[in-house]
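The next block holds one structure in the form of structure tokens; read it before the comments.
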Amino acid sequence: MGGFDGTGFLETEPAWVQINDRNADFIINLKGISMNNHFIKGSDSNFKMMIDSGTTFTYFPRQLFNLLETHFRWFCGMDPENNCKGALRFDNPGYLCWHYDEKLFPNGPIDFYKSLPVLRFAFDAVRDKGDKFLYSYDWYPSEYLYKENDQ
């Protein structure tokens, strides 16, 4: 898939995630998910994921989505004054939605984002020299939230 020149990357050496099947583009094996460093039990149950950087929405198998929803409810309920600021809406089955109220955050969405958890996805990876290791990708609220325009 093209070359790598290292320009604009934070890491000095890229981590290459192994594709699961040569006939299935961008399918990789998930080794587990953590929410704010709390491992989500069951997220390491042989799930396969497709990497697609051009998609706005994220789709999970029902079992994995249910684990994430349970942990979001747990996280939001642990400290309702500070976690998940804004209304967490579970009124649409199969969706995790929050209502961002600009009146609650006059300085912008940064405090809203800080009130939500970071999700860490772990995958098997290989360095350029062939060393295998567990690669972790942190997914921040500012990246996993989609803002729908209210009209």
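Partners of Lys48 within straight-line reach, counting lysines whose Cα lies under 23 Å from its Cα and excluding those fewer than 8 residues away in the same chain: Lys31, Lys132. With neighbour counts taken as other beta-carbon atoms within 10 Å, the residues Lys85, Lys31, Lys129 rank, fewest first, as Lys129, Lys31, Lys85.
Ranked by how many other Cβ atoms sit within 10 Å of their own Cβ, fewest first, the residues Met78, Met35 fall in the order Met78, Met35. Extension gain for Glu143-Asn29 works out to 38.9 nm (0.36 nm per residue, less the C-alpha to C-alpha distance).
Any read-out appearing in this document is the output of simple, stated calculations on the displayed coordinates, not a laboratory observation. Everything quoted here is computed from the prediction, not taken from an experiment. With ideal geometry, Cβ positions are generated from the backbone for all residues, glycine too; neighbour counts draw on all protein chains shown.
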